[in-house]
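Engineer: Take a look at this one; I'll ask things after.
The values are calculated or read from the model by the stated rules, or taken from the named source; none is laboratory data. What you see is a predicted model; the values in this text were computed from it and never measured. Backbone-built Cβ (ideal geometry, glycine too); neighbour counts: all protein chains shown. To get the accessible areas, we keep the full protein, side chains included, count just its heavy atoms, and leave off ligands, DNA and RNA. Shrake-Rupley method; radii C 1.70, N 1.55, O 1.52, S 1.80 Å.
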Amino acid sequence: MVTRLCLDHLKSARMRRESYVGAWLPEPLVQDDTPDAEQQWIVTEDVGIALILTLDRLSPEMRAAFLLRDAFDYDFEEIAAVVGRTAATCRQLVSRARRRLAGAEPAPSVTPEKALPIVTAFWQASRQGDMEGLLRLFAEEIEVHTDGGGKVTSSINILRGRRRAAAFFTGIARKWPYPAVSGPRLCRINGAPGFVSVGPGGIVQTTALAIRDGRIAAIWIMRNPDKLRHLSPEILAGRGPDA
């Protein structure tokens, strides 16, 4: 019964997603950087943003069959009874889902000590419009996703490639220069290291980074105010504007 309700919800959400403006990202779940939270950081990295985005591209039946098989160890006859397909079809759904998810492995776990210098270097280079600094930080095939939901300024398309991504952030720095303040407070956003930006009116955006081999492989920026309203500026523990 739960699976059938989830299938109905996914089909409805899929229809809404088709009319969504720009790139879609999941709502940010933000965790602190305190030592007590470090173990939880490692746990949540197993279901990171890349995996969530890939799961979202699966059809509802494919996602249900995959989770029932690989997460709950249902046999294919049981899955068939739940999703309303034959056992052979469910076997194919699971096989296809596994192939699509093969490229969505979570980034290797990065400790706060290793993540902080990279996050801070990106924070500084992006605000200063430092093209060379950004190029040194970015992996060759970096992807930049920005979700504004059509409500605030954001990039409509996913930006791919190191130079294109660097040009994007240097262009922002030229158009909207940031005040010189201290570096960001490190936190985890949906399992990835990042930071929360706050302006006079409240939280402006969250920025999460995928770090591989000491370089930034992906950046996920959430700017949609509807997806930020559950967050509180107090998460920054008193940091000032544009932290």
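Engineer: When the residues of the range 41-94 are narrowed to those that are at negative phi, among the charged types (D, E, K, R) and assigned to a loop (DSSP other than H, G, I, E, B), which ends up modelled with the lowest pLDDT?
Structural biologist: First, the residues of the range 41-94 that are at negative phi: 41-72, 74-83, 85-94.
Subsequent filtering for residues that are among the charged types (D, E, K, R) retains 45-46, 56-57, 61, 63, 69-70, 75, 77-78, 85, 91.
Add one more test, that the residue is assigned to a loop (DSSP other than H, G, I, E, B), and what stays is 75, 85.
Values: D75: 95, R85: 92.
Here the residue is R85.
Engineer: Does R127 satisfy being touching a residue at least 24 places away in the same chain (Cβ under 8 Å), in contact with a helix residue (DSSP H, G or I) (Cβ under 8 Å, 6 or more places away or on another chain), under 22 Å from Q205 (Cβ atoms) and part of a helix (DSSP H, G or I)?
Structural biologist: yes
Engineer: Within the range 140-168, which residues are part of a helix (DSSP H, G or I), among the basic types (K, R) and under 12 Å from I219 (Cα atoms)? Walk me through how you get there before you give the answer.
Structural biologist: Applying the first criterion (part of a helix (DSSP H, G or I)) to the range 140-168 yields 162-168.
Filter again for among the basic types (K, R), leaving 162-164.
Hit for the range 140-168 is R162, nothing else.
Engineer: Still on this model: Just to be sure before I move on: is G171 among the small types (G, A, S) and assigned to a helix (DSSP H, G or I) in the structure I sent?
Structural biologist: yes
Engineer: Sticking with this one: Answer yes or no as to whether T146 is farther than 23 Å from R212 by Cβ and either among the β-branched types (V, I, T) or surrounded by fewer than 15 Cβ atoms within 10 Å (Cβ to Cβ) (or both).
Structural biologist: no
Engineer: Only one of (1) of a type in the set (V, I, T); (2) modelled with pLDDT of 90 or more; (3) touching a Gly at 6+ places or on another chain (Cβ under 6 Å) fails for I156. Which number is that?
Structural biologist: (2)
Engineer: If you don't mind, another one. Looking at (1) buried (at least 18 other Cβ atoms within 10 Å of the Cβ); (2) farther than 25 Å from L53 by Cβ; (3) in contact with a Lys or Arg (Cβ under 8 Å, 6 or more places away or on another chain), which one does D130 not meet, given that it meets all the others?
Structural biologist: Here D130 meets the rest and fails (3).
Engineer: Would a scan of the range 82-102 turn up a residue that is open to solvent by 20 Å² or more (accessible area, probe 1.4 Å) and closer than 28 Å to G183 by Cβ?
Structural biologist: no
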